[in-house]
């Protein structure tokens, strides 16, 4: 019977959006690096699994294909926000 992987739970609390994003990128990079080590035979340590919980102040995002024409606010209203 195969064992279930361990999931590392982390509650980051209230955290800036960019700070949370950067932290997730750091975890992702370490996971990829570990997978490469295993593939190359430099390690037999399994990659870690994470579940992160956080809250951050409101942010405005456009997504990968968005641009200013997609905004529902004009520049003045956006500046006030």
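For the chain, the longest principal axis of the Cα atoms and the long axis of helix 17-39 meet at an angle of about 30 degrees. Just need the relative contact order of the chain here, percent rounded to a whole number, with Cα pairs under 8 Å and 6+ apart. Relative CO of the chain lands at 41 percent. Here is how the number arises for the chain: DSSP H runs of 4 or more residues each give -39500 (n - 2.57), the sum is divided by the residue count, and the result at 222 nm is -11500 deg cm²/dmol.
Packing-based ranking of 41-48, 62-69 yields 41-48, 62-69, ordered from highest to lowest mean Cβ neighbour count within 10 Å.
With all pairs of separate Cα atoms included, the chain yields a Kirkwood hydrodynamic radius of 16.2 Å.
Computed from the coordinates by the stated procedures, all read-outs in this text should not be read as laboratory data. Since this is a predicted model, take the numbers as computed values, not measurements. Backbone-built Cβ (ideal geometry, glycine too); neighbour counts: all protein chains shown.
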